[in-house]
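The values are calculated or read from the model by the stated rules, or taken from the named source; none is laboratory data. Predicted, not measured: the structure shown is a model, and the values here were computed from it. Neighbour counts are summed over all protein chains in view; Cβ atoms, including those assigned to glycine, are modelled from backbone coordinates with ideal geometry.
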Amino acid sequence: MPKKFQGENSKAATAKARKAEAKAVADADKKKQEEDALWQETDKLVLKKGQRKDDKEKKRLELLERKKENQRLLDEETSTIKGKALREASERVTRAEIEEVLQNEQQQLKDQDLKPKEKSHLDTPLEENVNRIIPEEGTVEARSIEDAIARRMKAAFAAYEEANMPRLKQENPNMRLSQLKQQLKKE
């Protein structure tokens with residue numbers, strides 16, 4: 001026959017204690033999240049204000065960073081310029097070297113003057129574009145054959161209309177001008 005326990009099983013008791021502790025931690029965490037949700041700001045205007053504040057701070061930090069970088073670059077540049085100036089000052093140039101440099105420059109100028117210059121498109125004057133000249137009054141300009149034919153037809157019809165309009169007016173004195181023109185087109 002199995003032995004009867006007088007009290008509670010020790011392993012079961014520790015398991016229950018662990019479960020209770022885990023549940024208490026989970027409940028506390030859940031309660032904290034609910035409380036945080038209550039205190040969280042949901043108003044759009046307040047959120048936008050906070051966003052603007054964050055953006056302003058970010059821009060200020062970026063500007064500060066840029067200023068530091070520019071200052072660093074300026075310092076580097078001035079240090080290199082000062083270093084070059086010191087090095088150049090230490091080297092002495094003699095009169096003979098100066099005269100030699102001047103003679104070389106004069107010789108190069110003479111050589112350039114003696115060489116025949118190559119003609120470039122900039123030396124030649126611009127010619128007038130005959131395609132773009134504004135046509136004189138009375139001239140007919142046509143871009144294609146169809147345009148030329150259309151212009152000639154128009155001019156021929158205008159001459160025909162001018163010659164025959166007085167005759168039509170005498171034959172039909174009660175008609176309007178538009179009606180007379182229609183009859184001319186039909187003929």
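Whether any residue in segment 25-40 is loosely packed, with under 10 Cβ neighbours inside 10 Å, within 42 Å of the chain's Cα centre (by Cα) and not small (Gly, Ala, Ser) is what I want to check. Scanning segment 25-40, I find at least one residue that is loosely packed, with under 10 Cβ neighbours inside 10 Å, within 42 Å of the chain's Cα centre (by Cα) and not small (Gly, Ala, Ser), so the answer is yes.
For Ala142, are the conditions met, namely being surrounded by 10 or more Cβ atoms within 10 Å (Cβ to Cβ) and at pLDDT 85 or above? In short, no.
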